Amino acid sequence: MNAPLLRVENLRKHFALTKGVLFTRTLGHIKAVDDVSFEIRAGETLGLVGESGCGKTTTSRMILNLEEPTEGRILLEGEPISGLQGEALAVYRAKVQAVFQDPWSSLNPRMKVGRTIAEALIVNRWGDRAKIAARVRELLLQVGLRPEQAEQYPHEFSGGQRQRVALAAALASRPRLIVLDEPVSALDVSIRAQMMNLLKDIQAEDGVAYLLVAHDLATVRHMADYTVVMYLGRIVEQAPTASLFAEVRHPYTKALFSAVLMAEPGRQADEIELRGEVPSPLDPPAACRFHTRCPYAMPQCAEVEPPLREVSRGHAVACHLFE
Amino acid sequence: MSETVLDVRDLHTHFFLRRGVVKAVDGVSFSLRRGEVLGLVGESGCGKSLTALSLMRLLPKGGARTIKGEVLLDGENILERSPAAMREIRGRRISMVLQDPQTSLNPVFSIGDQLREALLRRHRAPRPQLTQESVEALRRVEIAAPEQRLGQYPHQMSGGMKQRVVGAIAIAGQPAVLIADEPTTALDVTIQLQYLKLLKRLQVETGMAILFITHDFGVVGRMCDRVAVMYAGRIVECGPVRRIFEAPQHPYTRALIASVPKMTGPIGRLTTIEGQPPSLMDLPVGCRFASRCVQAEPRCLEAYPRTVQVGREHTADCWKVVPA
C-alpha cells in the first residue's frame with residue numbers, strides 16, 4: 001500500500017456561539033467536527049457522507065485551508081498544513097483544489113471562461129501567454145468542451161457545462177487532490193451521469209485523488225473507494241466502499257441506507273425510520289450522539305462514548321453493538 | 001374508484017417575450033383519479049413546474065399565458081373561471097406545496113396566525129375554535145407539542161418541520177387535489193422519508209389525489225401509482241409505475257432510468273444521454289427527442305409521433321414503439 005496523500009488526525013472544529021456586539025458573551029460552542037481522522041491515498045476517492053450539520057463541509061473547508069482547526073492536524077504528503085504562508089501556501093493551494101455544488105459561485109460572470117481557467121496559471125507564473133493558452137485548450141478538451149469555448153462567458157453555458165468549466169479551472173494547476181463538494185447534486189439526472197463518468201476518466205488519466213462530499217449514497221457507491229459516514233461531527237462508520245455496501249453495521253448508516261429511495265418499486269428493504277430530527281450540535285447528546293434516535297439504544301449508550309473500532313479489514317464502527 | 005377528478009387536455013402555456021415565444025408547456029394532457037398519486041417527472045426546463053402553475057393559474061409575471069387547453073376540475077373548466085372564483089377554488093379544491101418551505105411561509109406571522117388564516121378559508125369560525133383546529137392540523141402532520149408551536153415563527157423551526165406546516169396549511173381546506181412540486185428536494189434523506197410517509201398517510205386518510213412533481217425516480221417509486229414523463233414541453237410517456245420502471249417504452253424514459261446510479265448491481269460506466277434538449281423557442285417539427293435518440297430514423301425528424309397505446313393504461317409518443 002502506498003503512503004497516504006492526505007492524513008487527517010483527530011481534527012476538531014468548535015465554533016463559539018456569541019451574543020452581543022460590544023460586550024460579547026459566549027453562549028456555547030458548536031462542535032461542528034469532533035475528533036475526526038482518516039486518510040486519502042493518491043489517485044483514490046474518499047466519500048464523506050452524512051446529513052446537513054454532520055460536519056462534512058466543515059471538514060472539507062479545513063482541508064482546503066479555509067478554516068483553521070481548533071485541534072488536530074492535517075498533513076499533505078507528510079507535511080502539516082497549519083501555518084503555511086506565502087510561497088508554501090501557494091504551493092498547497094495548487095496541489096489541493098475544489099469544485100463546489102453551484103458552478104456559478106466559482107465563475108466570474110464578467111470573465112471569459114478561458115481567462116477563469118487560466119487564472120491559477122497566471123497567478124503562479126506558470127508560463128508565457130502561448131504556453132498558458134495551449135494549456136487552457138488542453139483542459140477544455142479534457143473536460144469535454146471545445147477549445148473555442150474559451151472565448152465564451154459563463155452565461156452562455158448550460159449548468160452541466162459550467163460545472164465542466166469549474167472542473168477545468170480546478171485541474172489547471174495539476175492538483176493532487178480535488179475536494180468535490182456535492183459536485184453533481186445541482187445537475188439533471190442525465191447530465192449527472194456524464195459528469196460522474198468524466199470525473200472517473202480524469203482520475204484514471206491524471207491519478208488525482210478526490211474527497212467527495214455527498215449526501216447521495218448511490219453517487220458515493222459509484223465514485224468512492226473508501227467511505228466515511230459522519231453524524232453530528234463524529235465518524236460513526238468508515239469502510240472500503242464495497243465492504244460498506246456489502247454490510248452496513250452502524251444503526252445510523254442503516255437508517256441512511258434505508259432512507260434511500262430505490263428507483264425500483266417494491267425493492268424497499270427492511271426499513272428503519274428515524275424518529276425526530278438531528279439534535280442541535282450546540283448541545284449534542286452525551287456519549288453516543290445517536291442514542292436519542294437509535295432504535296437499538298441500550299443504557300450504556302447514554303453513558304459511555306463508543307470508540308471507533310475495527311470490525312473487519314478496514315471497516316470500523318463506533319457502536320456498542322459491535323463490542 | 002377510477003373517477004377522474006382532474007382532467008388536463010392539450011394544455012399550452014407559452015412565454016411571450018420580445019425575442020420570441022418560449023413554448024414551455026406545449027400540448028400536455030393527463031388525467032388524475034380520485035385518491036391517486038400521479039408522478040410528473042422530467043429534467044429542468046421540461047415544463048413540469050409551469051404545468052403545475054398553469055393548473056393553479058398562478059403563472060409567473062413576465063409574459064406567461066395559457067393560450068390553449070382545458071383544465072377540468074370535477075368536470076368544470078377552471079381556466080374559464082374569474083380570478084375571484086379562482087381564489088375560492090385555490091386551497092379548497094386544489095392546493096399546492098412548493099420545494100422551499102421558506103418561500104411559502106410568511107416570516108413575520110406566527111405559525112398559528114398562518115394556520116388560522118388557512119382554516120378561515122374553509123369556514124368562518126370564532127378564533128378559539130380556529131386555534132383548536134390549528135392544533136389538530138399540526139398534530140395530523142405529526143408535529144410534537146403543537147400547542148407550543150402555534151406561537152412560534154418559521155425561523156424557529158427546522159426545514160422538515162416547516163415543510164410539515166406548509167403541508168398542514170395546504171390541506172387545511174380539504175382539497176380534492178394536491179399538487180406537490182418537489183416538496184422534499186430541500187430536505188435531508190432521513191427527513192425526506194419521514195415526510196413522504198406522512199404525505200402518503202394523509203393521502204390515504206383524506207382520499208385526495210396528488211400530482212407529485214419530481215426529478216427523482218426514487219421518490220416516484222416510493223410514492224406514485226402512475227407516472228408521466230415530460231420532455232421539452234410534452235408528456236412523452238405515461239403509465240403505471242411498475243411498467244415504467246420495468247419496461248419503459250420511450251427511448252428517453254429508458255435512457256433516463258438507465259443513467260441513474262443504482263444502489264445494487266455492477267458498478268460500471270453510467271449510461272448518458274448525449275446532447276441537450278432542444279430550445280423551447282425553436283422546437284423541431286418532429287419528435288423533440290430525435291436529435292439525442294440513438295434509435296432515431298428519418299421519419300422521427302419529419303413529424304411528431306402519435307400517442308401509441310403500448311399497454312394497459314400505458315402510452316408513449318414514439319414512432320418506434322409497438323402498439324399493444
Quiz prompt | Residues whose placed amide H lies under 5 Å from that of A:GLY28, excluding near-sequence neighbours | solution = A:LEU17
Quiz item: How many partner chain Cβ atoms sit within 10 Å of a residue's Cβ in peptide A:191-198, on average, as a whole number?
Solution: 5
Exercise. Give me the lysines in straight-line cross-link reach of A:LYS131: C-alpha distance below 19 Å, same-chain residues under 8 apart excluded.
Key: A:LYS112
Quiz item: Applying the Karplus parametrisation 6.51 cos²θ - 1.76 cosθ + 1.60 with θ = phi - 60° to the phi angles of segment B:277-285, what ³J(HN,Hα) value in whole Hz is obtained for each residue in order, glycine and proline being reported as x?
Solution: x, x, 5, 6, 8, 9, 6, x, 6
Self-check item: Using a Förster distance of 35 Å, the FRET efficiency for B:ALA145-A:LEU321 (Cβ separation, nearest 0.05)
Solution: 0.65
Quiz item: In a shell of Cβ-Cβ distance under 11 Å around B:TYR252, excluding B:TYR252 itself, what net charge do Lys and Arg (+1) and Asp and Glu (-1) give?
Solution: +1
Self-check item: FRET E, pair A:HIS29, A:ALA297, Förster distance 22 Å, beta-carbon r, rounded to 0.05
Solution: 0.30
Quiz item: In sequence order, what are the phi-derived ³J(HN,Hα) couplings for segment B:216-226 according to the Karplus relation 6.51 cos²θ - 1.76 cosθ + 1.60 with θ = phi - 60°, rounded to whole Hz, with x for glycine and proline?
Solution: 9, 5, x, 5, 4, x, 7, 9, 9, 8, 10
Self-check item: Charge context of B:LEU98, other residues only, Cβ under 9 angstrom, K/R +1, D/E -1
Solution: -3
Quiz item: Placing +1 at every Lys and Arg Cβ and -1 at every Asp and Glu Cβ, with all other atoms neutral, what dipole size does chain A have around its Cα centre, in debye to the nearest 20?
Solution: 840 debye
Quiz item: With all pairs of different alpha carbon atoms counted, what Kirkwood hydrodynamic radius in Å does segment A:36-193 show?
Solution: 16.8 Å
Practice problem: Could you pull out every residue, at least 5 positions away or on a different chain, whose amide H is within less than 5 Å of the one on A:GLN152? Hs are placed 1.01 Å off N in the peptide plane, and Pro or chain starts have none. | Solution: A:VAL113, A:GLY114
Quiz item: Which of B:ILE67, B:VAL294, B:LEU198 sits farthest toward the positive end of the charge dipole of chain B, with +1 on the Cβ of Lys and Arg and -1 on the Cβ of Asp and Glu?
Solution: B:ILE67
Exercise. Note the angle between two axes, namely the Cα long axis of helix B:159-171 and the longest principal axis of the Cα atoms of chain B, as a number of degrees from 0 to 90, rounded to the nearest 10.
Key: 90 degrees
Quiz item: What is the spin-label model distance, in nm, from A:ASN10 to B:THR185 if the labels are put 7 Å beyond Cα along the C-beta direction?
Solution: 4.5 nm
Quiz item: In whole Hz, what ³J(HN,Hα) sequence does segment A:251-256 give by Karplus (6.51, -1.76, 1.60; θ = phi - 60°), x for Gly and Pro?
Solution: x, 5, 4, 4, 5, 4
Quiz item: Which is farthest toward the positive dipole end of segment A:4-238 among A:LEU107, A:ALA42, A:PRO80, measuring Cα position about the Cα centre, with Cβ charges +1 (Lys, Arg) and -1 (Asp, Glu)?
Solution: A:LEU107
Quiz item: What is the local net charge at B:ILE267, summed over the other residues whose Cβ is closer than 12 Å to its Cβ (Lys, Arg +1; Asp, Glu -1)?
Solution: +3
Quiz prompt | Relative packing of peptides A:13-26, A:45-58 - highest average C-beta neighbours within 10 Å first | solution = A:45-58, A:13-26
Exercise. Specify the inter-centroid distance of segment B:2-30 and segment A:188-237, based on alpha-carbon positions, in whole Å.
Key: 38 Å
Quiz item: Suppose every K and R has +1 on its Cβ and every D and E has -1 on its Cβ; what is the size of the dipole of segment B:31-163 about the Cα centre, in Debye to the nearest 20?
Solution: 300 debye
Self-check item: For chain B, with +1 on Lys and Arg beta carbons and -1 on Asp and Glu, the positive-most of B:VAL5, B:LEU53, B:VAL28 along the dipole
Solution: B:LEU53
Quiz item: For segment A:39-69, list residues with backbone N below 19 Å from a point placed 7 Å from the Cα of A:SER185 toward its Cβ?
Solution: A:46-64
Quiz item: In terms of Cα to Cα distance under 12 Å, which aspartates and glutamates are near enough to A:LYS200, apart from those fewer than 8 places away along the same chain?
Solution: A:GLU44, A:ASP225
Quiz item: When the helix-only estimate is applied to the protein assembly as shown (DSSP H runs of n ≥ 4, each -39,500 (n - 2.57), divided by the residue count), what is the mean residue ellipticity at 222 nm, nearest 500 deg cm²/dmol?
Solution: -9000 deg cm²/dmol
Exercise. Measure up B:LYS162/B:LYS262; B:LYS61/B:LYS200; A:LYS254/B:LYS48; A:LYS31/B:LYS162; B:LYS48/B:LYS162; B:LYS200/B:LYS262 against 27 Å on the Cα-Cα distance and list the ones that go over.
Key: B:LYS162/B:LYS262; B:LYS61/B:LYS200; A:LYS254/B:LYS48
Quiz item: Can you give the average number of partner chain beta-carbon atoms within 10 Å of each beta-carbon in peptide B:185-198, as a whole number?
Solution: 5
Quiz item: Taking the Cα atoms only, what angle lies between the long axis of helix A:129-142 and the longest principal axis of chain A, rounded to 10 degrees?
Solution: 50 degrees
Quiz prompt | Estimated inter-spin distance, B:LYS197 and B:GLU88, nm [label 7 Å along Cα→Cβ] | solution = 4.1 nm
Exercise. Which order do the peptides A:182-190, B:210-218, A:163-171 take when ranked by the mean count of other beta-carbon atoms within 10 Å per residue, highest first?
Key: A:163-171, B:210-218, A:182-190
Quiz item: Using 1/(1 + (r/R0)^6) with R0 = 35 angstrom and r between the beta carbons of B:GLU80 and B:GLN132, what's the FRET efficiency to the nearest 0.05?
Solution: 0.40
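FYI, it's all coordinate maths here, none of it is from the lab. Since the model is a prediction, treat every value here as computed from it, not as a measurement. Cβ sites come from the backbone with ideal geometry, for glycine too, and all protein chains shown count toward neighbours.
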